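Everything on this sheet refers to the single structure shown next.
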Amino acid sequence: MEGDYIKIKESLLPLSWLYGAAVGIRNFCFDVGLLKSQAFDVPVIAVGNITVGGTGKTPHVEYLVKMLREKFHVAVLSRGYKRKTSGYLLATNNSTMNDIGDEPMQMKSKFPDISVAVDKKRVRGIQRLTDNDEQLDVVLLDDAFQHRYVKPGINILLVDYHRLIIYDKLLPAGRLRESMKGKNRADIVIVTKCPKSLKPMEFRLITKAMNLYPYQHLFFTTLHYADLRPIFAQASNIALNDLKGRHVLLLTGIASPRQMQEDLAPYASNITPLTFADHHDFSQRDVQRINDAFAQMTAEGKLIVTTEKDATRLQLAEGLSDEVRRHLYALPVDIQFMQEEQAQRFNDIITGYVQKNSRNSILVTGKEEHRPRTDKRATSKPHTITFK
């Protein structure tokens, strides 16, 4: 079976070359100025990836929000994938998942004091945000590493530890949406979803293999789960350690559900996965599957665990049984840097950039100066960053 899988992948390589050529031409047009990237007089930080599948974009954007919102007026701009609206839309406290999409809805619910907007055209979205709010200090672009019509002040590339881009291939033979050379546009590269047991030797090996430029910063993060919170019921949160002895129905509609199941395994040995596609809209048939699957579980203390993103869609799903609604819990997730000094260094880079370039700061500089690196340094030969 494995041999057949490898043969299929190899047979797709010619298509990958064609795809890579098309993407390469597009990037070349941006590099030489045939296609224009627009800079703004407000700090813009882009977070994204160059692979298909989840790399933890939302938890990392939320980390930035938590870090910046105490001192700055923050806005998050997203495409609003699978929303039922179009054009530019600024979220309000009355917005729904259908209005703005599941991930923006998740962020607006968790951080009601920040501005959350959606627009497929990011240039227009930033313009609308800045025109309508003179106090805006920084715009965070969610899933925008490849959206090159915007020239961000800091470009953050996320790389999944379990699917490192250095060992991957272009679509359709692999999961890369563009050549690995795309990582050279990043000011910061974060290896995400690292196991907490990662050893110093592995840090060094990955650092060497990534082969970054001198102007690039490399960080490592891991996922951290908080207490489960009820979605519908008026009930207390449940600690992860209290999952022992319970039968858990793990309900997910995300790109990489296997990671979540592996992370929950030490807490709940009896897990039944019920998996849907990423950003899945739950139909009446899907709701019935959920009701039936939970009803068939006979263990006492049974529970349904889902993601925060799925929770925004399940809240709009009609037909969930009363029993399901009483036992449906969301599992909050955030990120932690693998070493304390890494977190401080990352925070200093981000806050220093925003402080220096905010429209409301006396330290505001010109557009060309607010880049964290210069064009001259960007053309330096790659070298291996020493991980500290």
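The values are calculated or read from the model by the stated rules, or taken from the named source; none is laboratory data. Just so we're clear, the structure is a prediction, and the values are computed from it rather than from any experiment. A quick note on method: Cβ atoms are made from the backbone with ideal geometry, for glycine too, and the neighbour counts reach across all protein chains shown. Ligands, DNA and RNA are excluded from the accessible area calculation, which covers all protein heavy atoms including side chains. Shrake-Rupley method; radii C 1.70, N 1.55, O 1.52, S 1.80 Å.
Condition test on Val32, is it within 30 Å of Ala330 (Cα to Cα) and modelled with pLDDT of 95 or more? For Val32, the condition - within 30 Å of Ala330 (Cα to Cα) and modelled with pLDDT of 95 or more - is not met.
Here the range 67-97 is the region considered, the condition is being part of a strand (DSSP E or B) and open to solvent by 40 Å² or more (accessible area, probe 1.4 Å), and the residue that is farthest from Val42 (Cα to Cα) is Leu89.
Here Leu218 meets the list (1) in a strand (DSSP E or B); (2) closer than 15 Å to Gly54 by Cα almost entirely, failing just condition (2).
Considering the range 257-298, the residues that are in a helix (DSSP H, G or I), in contact with a helix residue (DSSP H, G or I) (Cβ under 8 Å, 6 or more places away or on another chain) and more than 30 Å from Asp99 (Cβ to Cβ) include one that is least open to solvent (accessible area, probe 1.4 Å), namely Leu264.
Scanning the range 36-45 turns up no residue that is in contact with a strand residue (DSSP E or B) (Cβ under 9 Å, 6 or more places away or on another chain) and assigned to a helix (DSSP H, G or I). Note on the range 109-160: residues that are of a type in the set (Val, Ile, Thr) and in a strand (DSSP E or B) amount to 8. Restricting attention to the range 68-87, the residues being under 21 Å from Glu134 (Cα atoms) and not basic (Lys, Arg) number 9. For the residues Val52, Val47, Val32, the requirement of being closer than 19 Å to Ile165 by Cα, of a type outside the set (S, T, N, Q) and surrounded by fewer than 22 Cβ atoms within 10 Å (Cβ to Cβ) singles out Val52. Taking first residues from the range 164-193 that are of a type in the set (A, V, I, L, M) and partners that are part of a strand (DSSP E or B) and open to solvent by 40 Å² or more (accessible area, probe 1.4 Å), the Cβ contacts under 7 Å between residues at least 6 apart in sequence or on separate chains come to Ile188/His217. In the list Ile166, Ile190, Ile156, Ile206, which residue meets the criterion of being open to solvent by 20 Å² or more (accessible area, probe 1.4 Å) and β-branched (Val, Ile, Thr)? When all the criteria are applied, what remains is Ile166.
Residues in the range 14-54 that are closer than 27 Å to Arg258 by Cβ and of a type in the set (A, V, I, L, M, F, W, C): Leu15, Val47, Ile50, Val52. Within the range 221-256, the set of residues being under 18 Å from Lys196 (Cβ atoms), open to solvent by 30 Å² or more (accessible area, probe 1.4 Å) and in a strand (DSSP E or B) comprises His224, Tyr225.
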